[in-house]
1. Send over the Kirkwood Rh of segment 13-88, from the inverse of the averaged 1/r over different Cα pairs, rounded to one decimal Å.
2. Just to be sure I understand the model, the point goes 7 Å from the Cα along the line to the Cβ. What's the resulting Arg23 to Ser53 distance in nm?
Amino acid sequence: MSTSVSGQGPGGDADVAFPTALRAAISGSGRSLESLRRRLQERGTPLSIATLSYWQSGRRAPQRASSLEALANLEAILGLAPEQLSATLGPPRRPGPPRAARQAARLPVELVGACEALESLGFTPFLEVVDVTVHATLEVDAQGSERLRTVRNVVRATRDGARRLPVLLTAPRRSDDQIEVSAISGGRLGRVVSLPRDGGFVGELMLDRTLRGGETAAVEYEVRLPKNLSAGHSIEHHLWHRVSEIMLWVRFHPDRLPRSVQGYSVVEGTRAGSAMTLDAATSVQQVLHRAGPGTVGISWAW
């Protein structure tokens, strides 16, 4: 994760750092502004060539939520690390009160216990840290059991002083063994509340540093599932709000491949899905842009 750069007044270092870093990144990539515009459009965060030009010259800087989402995608398109450009931004130039925290969507009705657990950890419907991108990978072993989930998020603070985000996991089948969750990079696991009825847990993930409103950070954690779970059949991720990108990637053991696979989403109670094919591969991915709030998943049949 890149180190944040402190902001200066007009004409200070922060006003120069961002356009300088952006020009260098674009020049080094060999991409034209038109190429970047098309790629951003494909990712659901459109920017005009004029805006990109203004950012390069320092006449403007990304401040709105939509611009910061586009900036996170721009970093990925240019092959940069998360925050590499956003860390060079100074404080917002526009006066006025901080942007209001985004309200999280309700969880599905069957997760009443999870809602209560979130409240016990002090998570209100207004989240202080929200996801920009979500990448979740699931490993399925030779017995067809889900064994390891790895989640990588780019998150953004909705207010100054933000540092924690909720983590929710439910296992589709009960097990007497405990689910093991651990932070890999970018943060640490705080308090955890188990969900005996759902076989999962709700926890808080504490970022390595406190963020200012609009700042982004990257975090990665993994979940090891019990060995004695029966053969799995799905992975799904609940989106509290709209995200710039979500990717679900299921990797099957070559000795145990499913008969059929389907990607699906559930928005406002309406489910939409389509068949996915493995062909000669052993994994499937579902990538959605500008998705949520709602649920995104992949299911399969043995």
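1. Computed over Cα pairs of segment 13-88, the Kirkwood hydrodynamic radius comes out at 12.1 Å.
2. A separation of 1.5 nm, rounded to one decimal place.
Readers should treat all values here as calculations from the given coordinates under stated rules, not as data from a laboratory. No experiment lies behind these values; they were computed from the predicted model shown. When we count neighbours, we look across all protein chains shown, and the Cβ atoms used for this are built from the backbone with ideal geometry, even at glycine.
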